[in-house]
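Reading through the structure tokens given below for one structure.
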Amino acid sequence: MYAELHMLSPLVPTREACFLRYCQQQNVEDETYWAIVDFPLDGFHNSLQTSFPLYKRRPSGCLILDMPNGYSRVKWVEHAEIEEKPIHQIFSHFVHSGMAFGANRWLAVLERQCERVASLMATNIPDIGVIPSPEARKNLMRLSQRMIRTFCVNISSCSGQVWTAVPDSSDDTVRITTRKVSEAGQPNGLILCAVSTTWLPYPHHHVFDLLRDERRRAQLEVLSNGNALHEVAHIANGSHPGNCISLLRIN
């Protein structure tokens, strides 16, 4: 298998890995486990090119225990060898603490994915507002997921995507790039993408609440042209109230 591990910023280099994945179910003392283990391929193929900075994924994986209450208990181990390279000061602590590429992140990703799948498969939906049917609800959720994926790809340092630093930017945090659109369902052409990173003197939940507040969205959304926005449909997409999909109408 081949994987690219991304941070949502071009200031953090992408990590690439080639590995073999082994999956097995085991029953130990009346408990059912699933083991998923990744083995690096560089020990078998010396000709494999490594990413820059040097990243070697060592045996890693997770154990999934089936719990009697219908839940799962997951233990994750992430083992890698990294060549020390300077990381931009804005993200250095985030990367070195393991939150960017460590086991904590993959557990959080797994939890969010499980919540999204549960919401997608839910059938006991009392009111779907202007959405005409449960199937339309699923289509809207799939559309939102494609939008998120496109956004993440556009602002990360994908393999082969070259970002150029803007020389006059403060703290060297602005990057620009162009990308040719080839995905199905999108118009052909070039996308010019500019990404800037900064610190804000506010707690993260305050910033999040500001961005998702429909009453103040007109202050941030250029397409609204100053007009108020109204939420006409709301789909819960996780256990946290902020994990949701909103369909907004410009009044």
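The values are calculated or read from the model by the stated rules, or taken from the named source; none is laboratory data. Keep in mind that what you see is a predicted model, and the values were worked out from it rather than measured. With ideal geometry, Cβ positions are generated from the backbone for all residues, glycine too; neighbour counts draw on all protein chains shown.
Is it the case that Leu120 is under 22 Å from Glu31 (Cα atoms) and within 20 Å of the chain's Cα centre (by Cα)? The answer is no for Leu120. In the set (1) at pLDDT below 80; (2) β-branched (Val, Ile, Thr); (3) closer than 21 Å to Gln89 by Cα, the condition left unmet by Thr197 is number (1). Pairing each residue of the range 171-182 that is free of Cβ contacts under 8 Å to residues at least 12 places away in the same chain and under 18 Å from Thr150 (Cβ atoms) with any residue that is part of a loop (DSSP other than H, G, I, E, B) and among the polar types (S, T, N, Q), provided the two are 6+ apart or on different chains, yields C-beta distances under 8 Å for Val181/Asn188; Ser182/Asn188. Of the strands (runs of 3 or more DSSP E) contained entirely in the range 152-251, those carrying at least 2 residues that are under 24 Å from Val130 (Cβ atoms) fall at 229-236, 244-250. Of the conditions (1) more than 15 Å from Leu110 (Cβ to Cβ); (2) hydrophobic (A, V, I, L, M, F, W, C); (3) modelled with pLDDT of 85 or more, Trp76 fails just one. Which one is it? Every listed condition holds for Trp76 apart from (1).
The condition of being under 30 Å from Gly242 (Cβ atoms), surrounded by 11 or more Cβ atoms within 10 Å (Cβ to Cβ), of a type outside the set (S, T, N, Q) and modelled with pLDDT of 90 or more holds for only one of Ala103, Ala3, that being Ala103. Cβ-Cβ under 7 Å, sequence separation 6+ or interchain: first residue in the range 1-18 and more than 13 Å from Lys56 (Cβ to Cβ) and assigned by TED's automatic domain parsing to the domain that holds Val109, partner among the polar types (S, T, N, Q) and assigned to a strand (DSSP E or B). Which pairs? Correct list of pairs: empty, since none qualify. Kindly indicate whether Gly70 is at pLDDT below 90, in a loop (DSSP other than H, G, I, E, B) and either over 27 Å from Pro241 (Cα atoms) or under 23 Å from the mean Cα position of the chain (by Cα) (or both). In short, no. Pairs meeting the criteria (first residue in the range 216-236 and assigned by TED's automatic domain parsing to the domain that holds Ile131, second residue at pLDDT below 75 and of a type in the set (S, T, N, Q), beta carbons under 6 Å, at least 6 apart or on different chains) are lacking. Within the range 167-187, the set of residues being surrounded by fewer than 14 Cβ atoms within 10 Å (Cβ to Cβ) and of a type in the set (Val, Ile, Thr) comprises Thr178, Val181.
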